[in-house]
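Read the structure below first, then the notes.
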Amino acid sequence: MSNQAESNVAAPIVAPLPRRAGVLGWIAPLFHRVLDRIDAGLAEGGIDAVLPDGGRRMLGGRAPGPMARVEIADWRALIRLMIGGSAGWYLAWSRREWTSPDPVVVFEVFGRNRHSLGQTGRSSGVARLAKRVLHGLRRNNRAGARRNIEAHYDLGNDFYAAWLDPSLSYSSAMFGDPADDLAAAQQRKLAAVLARTGTSPGDRILEIGCGWGSFAAHAAAAGRQVHAITLSPAQESVLAARQLPGVTVSITDYRDVAGMFDAVASIEMVEAVGQAYWPDYLATIARVLKPGGRAAIQFIAIDDAIFDAYAANVDFVQAYVFPGGMLLSQRRFRALAQAAGFDWVDQVDFGADYAETLRRWRLRFDAAVAEGRLPPRFDSQFIDLWRFYLMYCEGGFRGGGLQVSQVTLVKR
């Protein structure tokens, strides 16, 4: 799809919601206290809120920043937000208890004010405990990791092919110019990862988490030998069918890799590892790398200042989209990498590029929906879930709470 086509796909039109003050209207003063907490926590930007009783409130708006509009049709939306956090906010949106002309800006406002909002908008009480128990059952031991990966990536190759770029790169692109189309920006990202490996034609690269083979194909075209591993049968089948010269692929847990390699590449796979297994992931890379070898890692991190609060909760993505997922704390992960015998070299951050990547994906996703190109097995509830997921993540990067980075780990 051309860049022009990507930029011209209109966002879905959201009709005004019917007001549903309902039986909860009599305790509206309590909900205004919740709004007071949000208002007090918005140090940048604001939210123009239309309320179930027809009233209107400006939350924040005291300092420059993004301005969102939210129409709250039912007070239950605030209950779900305060008890269930971002997962509850999604549930309220899915039930049309709130809407916005541009939910991305709503998430950006929350992201910009992540420090001043504190625990406002995070799950609490019994709901928090129940989600933590469920998340604990999704631990990324060998059996759990495979279940979690299959739950997300084995939705179907036809599903992802409908809205990713032709290389099926499902990670942040690198835009050298805003006019770049998505495919070119993805190839720039792959080239940057390959350059970080410091390899030459004929060298062997282990790719941990190969996706549908975009990096393996890029590296093989440059003369490298690649052993690609994944836990997704759907991904393995695609890469195996391509029969790329110099590329082997297997369904292998990273902890079970054997052999020695000149370099390692791992693009946004470590988010599926889980904090408890970060040492195992790094130990594997140290074990398979030759002395002086390089590991090129692309990773997503959450602001270190809010990592503890994030890790103590279960957010929307973990609850509904990516079971077992865990964003990195860069500070903690870097300390573990250095303790495992690596030098942390040449980190490059490009979070704005991920926001743009997500925007392009969402436009392509919406176009696929409008044109009937998504597989018919996915109903409107699933489509709404994925649209929310793409908007939620885009807003997180635009708000600065999330960052994507590339780094080179050099084995000492």
Counting Lys and Arg as +1 and Asp and Glu as -1, what is the net charge of the other residues whose Cβ lies under 11 Å from the Cβ of residue 153? -2
R0 = 45 Å: FRET efficiency of residue 370 with residue 345, Cβ-based, nearest 0.05? 0.50
Which FRET efficiency, nearest 0.05, do residue 243 and residue 43 yield, Cβ-Cβ r, R0 60 Å? 0.60
If you build the Cα gyration tensor of the chain and take the root of 5 times each eigenvalue, what three semi-axes come out, in whole angstrom, biggest first? 39, 23, 19
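Considering only DSSP beta bridges whose two residues both sit in the chain, what percent are antiparallel, to the nearest 5?
On the way: 22 of 48 bridges.
Roughly 45 percent of the DSSP beta bridges within the chain come out antiparallel.
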Given unit charges at Cβ for Lys, Arg (+) and Asp, Glu (-), the dipole magnitude of the chain about its Cα centre in debye, nearest 20, is 1020
With a probe of 1.4 Å, find how much accessible area region 28-68 has per residue, and write the answer as a whole number in Å². 47
Using the Cβ atoms and a cut-off under 14 Å, what net charge is assigned to the surroundings of residue 290, where Lys and Arg are +1 and Asp and Glu are -1? +3
Mind checking the full-extension length gain between residue 412 and residue 30? Use 0.36 nm per residue of separation minus the Cα-Cα distance, one decimal, nm. 131.7 nm
Label points 7 Å out from Cα along the Cβ direction at residue 251 and residue 384: separation in nm? 3.4
Under a 10 Å cutoff between Cα atoms, tell me which one of 385, 182, 81 has the largest fluctuation in the Gaussian network model of the chain. 385
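Just flag the trypsin sites (Lys or Arg not before Pro) in region 338-381 sitting in loop per DSSP whose Cβ has no more than 11 other Cβ atoms within 10 Å.
377
What is the local net charge at residue 114, summed over the other residues whose Cβ is closer than 14 Å to its Cβ (Lys, Arg +1; Asp, Glu -1)?
Taking every other residue near residue 114 into account, the sum is -3.
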Probe radius 1.4 Å, ligands and nucleic acids ignored: give me the carbon and sulfur share of the accessible area of region 333-412 as a rounded percent. 50
Highest GNM mean-square fluctuation among 190, 244, 327, for the chain with Cα springs under 10 Å, belongs to 244
Using R₀ = 41 Å, calculate the FRET efficiency as 1/(1 + (r/R₀)^6) where r is the Cβ-Cβ separation of residue 195 and residue 309; round to 0.05. 0.70
Projecting each Cα onto the charge dipole of the chain (Lys/Arg +1, Asp/Glu -1 at the beta carbon, about the Cα centre), which of 167, 295, 244 comes out farthest on the positive side? 295
Over the Cα atoms of region 169-211, how large are the radius of gyration and the largest Cα-Cα distance (Dmax), in Å? 12.0, 35
How much accessible area per residue does region 215-356 have, counting only protein heavy atoms and a probe of 1.4 Å, in square angstrom? 35
Tally up the carbon and sulfur contribution to the accessible surface of region 146-262 as a whole percent, 1.4 Å probe, everything protein left in place. 54
Among 299, 378, 350, determine the one that fluctuates most according to a GNM of the chain built with springs between C-alpha atoms less than 10 Å apart. 378
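The values are calculated or read from the model by the stated rules, or taken from the named source; none is laboratory data. No experiment lies behind these values; they were computed from the predicted model shown. Quick reminder, even Gly has a Cβ in these numbers, built from the backbone with ideal geometry, and neighbours come from all protein chains shown. Surface accessibility is based on the protein's heavy atoms, side chains included, excluding ligands, DNA and RNA. Shrake-Rupley method; radii C 1.70, N 1.55, O 1.52, S 1.80 Å.
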